[in-house]
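Read the structure below first, then the notes.
The values are calculated or read from the model by the stated rules, or taken from the named source; none is laboratory data. Quick caveat, the model's predicted, so the values are computed rather than measured. All Cβ positions, glycine included, derive from the backbone under ideal geometry; neighbour counts span all protein chains shown.
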Amino acid sequence: MAIDVPARETAFQAELRGTSLTFSATWGLFSPKAIDAGTQLLIEHIDIQEGDTCLDLGCGYGAIGVTLAKYVPTTTVYMVDKDFVAVDYAHKNVKQNRLQNCHVLLSNGFRHLPDIQFDLIVSNLPANVGKELLQIFLSDAKRHLKPNGRLYVVTISGLREFIKRNFMTIFGNYRKVKQRNTHTVAMATRA
């Protein structure tokens, strides 16, 4: 009896913020067949401005960064991930969506980023990395934001209070942007 083996690579179209985009991914990357609900919720509720310098932290195959770059072409978007396979697919998705305003880098968090201050940092924070790493990401994000720069994160709703406490401790402010049953989008601003 033959086993039906799935294709090694996935490809799909997505309509995000009124823009039609094409994505390629592969098994082993997060949500390789479609944009997940948390990422969609985050993308829908980010306040992005003309000319912003943006960072998609933990970009995966690039759904958030590609969408921001396509939605506001005057932005400069940096996308980083620690997974070289994710970075390869993010490069591919930048190219197939014909974007000139994206830079994709292999980096463990902020470690290998050029010395840049951002207007906007966005991330679909993974729930399973541990509280220590999440605190490091949030502290590093504050240091890499310009004054009045914004950090948007989406997490599973079970982490909502943890994010609120840490935003208040690190940034001194917290705003719940949107909450659905499974996910919460939160925002903090650097003073």
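Across segment 100-144, what is the number of residues that are in a strand (DSSP E or B) and either among the aliphatic types (A, V, I, L, M) or in contact with a Ser or Thr (Cβ under 7 Å, 6 or more places away or on another chain) (or both)?
Selection size over segment 100-144: 9.
Hey, can you tell me all the residues within segment 47-71 that are among the acidic types (Asp, Glu) and either surrounded by 24 or more Cβ atoms within 10 Å (Cβ to Cβ) or in a helix (DSSP H, G or I) (or both)?
Residue satisfying the conditions is Asp56 alone.
Considering only segment 125-135, I want to know if a residue exists there that is touching a Cys at 6+ places or on another chain (Cβ under 9 Å) and among the β-branched types (Val, Ile, Thr).
no
I'd like the full set of residues that are out of contact with any His (no Cβ under 8 Å at 6 or more places or on another chain), within 18 Å of Tyr174 (Cα to Cα) and among the β-branched types (Val, Ile, Thr), limited to segment 104-155.
Val122, Ile136, Val153
Look through Glu44, Glu9 and report the one residue that is farther than 25 Å from Leu134 by Cβ and among the acidic types (Asp, Glu).
Exactly one of Glu44, Glu9 is farther than 25 Å from Leu134 by Cβ and among the acidic types (Asp, Glu), namely Glu9.
Tell me whether segment 114-130 contains one or more residues that are on the phi < 0 side of the Ramachandran plot, charged (D, E, K, R) and surrounded by 14 or more Cβ atoms within 10 Å (Cβ to Cβ).
There is at least one residue in segment 114-130 that is on the phi < 0 side of the Ramachandran plot, charged (D, E, K, R) and surrounded by 14 or more Cβ atoms within 10 Å (Cβ to Cβ).
Which count do you get for residues in segment 21-46 that are assigned to a strand (DSSP E or B) and either at pLDDT below 95 or among the β-branched types (Val, Ile, Thr) (or both)?
Residues meeting the conditions: 4.
Is at least one residue of segment 154-166 touching a residue at least 12 places away in the same chain (Cβ under 8 Å), buried (at least 17 other Cβ atoms within 10 Å of the Cβ), over 16 Å from the mean Cα position of the chain (by Cα) and farther than 16 Å from His45 by Cβ?
yes
Looking only at segment 38-54, decide whether some residue is within 15 Å of the chain's Cα centre (by Cα), of a type outside the set (D, E, K, R) and over 24 Å from Pro73 (Cα atoms).
No: zero hits.
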